[in-house]
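The values are calculated or read from the model by the stated rules, or taken from the named source; none is laboratory data. Because the structure is a prediction, the values reported are computed rather than measured. Glycine gets a Cβ as well: all are built from the backbone with ideal geometry, and neighbour counts include every protein chain shown.
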Amino acid sequence: MAADYLQDLNDQLALRVARLSDDVRMRTAKFCLDRQNADGGWSGREGYSDLYYTGFALRTLSVLEALRPEIAAKTAGFLKTQLAGQASVVDFFSLLYSALLVQASGGMDVFADAPTDWPERVAALLDSFRTSDGGYNKSPGASSASTYHTFLVGLCYQLLGGSFPQPDEVIALVRRRRREDGGFVEIDAMRRSGTNPCAAAIGILQLTLGSELPEDEVRPLIDFLSHMPSMEGGIRANARVPLADLLSTFTGAWTLHQLDALDVVDSKQIYAYARSLEEPTGGFKGGLWDEQPDVEYTFYGIGAMALTR
């Protein structure tokens, strides 16, 4: 089985975040801490606490080594309120990973009072997201798989100490999603690859085949990603869009870093692009077109800066 993907991501980012200036790290931590809601969770730019944004806030605080026990304990209370709800793949992944981060940071075991058959229930839930083409989608009943949601399901299995039950089918799905441009697509109908499906596809291959992938598996992808930077210095979602965004910048940089190929793009320009999206009081926006920071883009921003420092 591949090494723990999320632990590797967290450890590598934490190591590199420590190289950033004290001012950047303190501003970013304060931005996240100030936005924790009274119920212990985090929300997006408006609305109530939800698992998705809570997960990103915790991941940011973790790599900053700012997830203190009292913060973790408060968050655990929110996570426990979410155990009985209906969850999509995204929410279920966010719940599992958030619970792990909370417990590792001195909070309670969110699942301590779960029924004894909880692992079987989880396995049945994950299996319900499976599609006939060998992958997974965000909810039961989908006719075809999503590359992104298949990746999230793989991470869920790994968080639970397991792996894809039919890895060969998942690998075959991913390889069918490769296009002539060298990258990968999110769904079968797409012809042109995107940065984020590429990150998900390589993540799936690492979960199933291990971190050392064959050269002929990764070289076309590296070539594809080398053409994704925009004039602003960040990385674009695909070749058809003119402007970069912070999500694609982070996932593209992380994928290249994982493949020991970050040198095919200009790290200084990526760093400058990410830094330009930081607000003076902390937090990151999604792109030069954006007007407001949030905790999700803040994770991508601090991560992109850390990888390219």
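Determine if region 282-296 includes at least one residue that is assigned to a helix (DSSP H, G or I) and either at positive phi or surrounded by fewer than 24 Cβ atoms within 10 Å (Cβ to Cβ) (or both). For region 282-296, residues assigned to a helix (DSSP H, G or I) and either at positive phi or surrounded by fewer than 24 Cβ atoms within 10 Å (Cβ to Cβ) (or both): present. Please find, within region 50-104, the residue that is farthest from G303 (Cα to Cα) out of those that are out of contact with any Gly (no Cβ under 9 Å at 6 or more places or on another chain) and polar (S, T, N, Q). Looking at the filtered set, the residue picked out is Q86.
From the list P220, P165, P242, the one residue that fits, being assigned to a loop (DSSP other than H, G, I, E, B), under 30 Å from R309 (Cα atoms) and out of contact with any Asp or Glu (no Cβ under 7 Å at 6 or more places or on another chain), is P242.
Within region 158-171, the set of residues being within 15 Å of L205 (Cβ to Cβ) and surrounded by 14 or more Cβ atoms within 10 Å (Cβ to Cβ) comprises Q158, S163, F164, P167, E169, V170, I171.
Yes or no: P229 within 19 Å of the chain's Cα centre (by Cα) and not basic (K, R)? No. Considering the conditions (1) buried (at least 21 other Cβ atoms within 10 Å of the Cβ); (2) more than 30 Å from A18 (Cα to Cα); (3) in contact (Cβ under 8 Å) with a residue 40 or more places away in the chain, V63 is excluded by exactly one of them, (2). A72 meets each of the listed conditions (1) of a type in the set (A, V, I, L, M); (2) within 16 Å of the chain's Cα centre (by Cα); (3) assigned by TED's automatic domain parsing to the domain that holds S43 apart from (2).
Any idea which residue in region 1-59 is surrounded by the fewest Cβ atoms within 10 Å (Cβ to Cβ), counting only those that are aromatic (F, W, Y) and not in a helix (DSSP H, G or I)? Here the residue is Y48.
Considering P229, P197, P242, the condition of being farther than 25 Å from Q158 by Cα and buried (at least 17 other Cβ atoms within 10 Å of the Cβ) is satisfied by P229 alone.
Applying the set (1) in contact with a helix residue (DSSP H, G or I) (Cβ under 8 Å, 6 or more places away or on another chain); (2) at positive phi; (3) not polar (S, T, N, Q) to G41 leaves exactly one unmet item: (2). Here V170, V153 are screened, and the one residue that is aliphatic (A, V, I, L, M), under 18 Å from A199 (Cα atoms) and in contact with a strand residue (DSSP E or B) (Cβ under 8 Å, 6 or more places away or on another chain) is V153. Within region 137-155, identify whether any single residue is charged (D, E, K, R), surrounded by fewer than 20 Cβ atoms within 10 Å (Cβ to Cβ) and in contact (Cβ under 8 Å) with a residue 24 or more places away in the chain, and answer yes or no. Yes: one or more hits.
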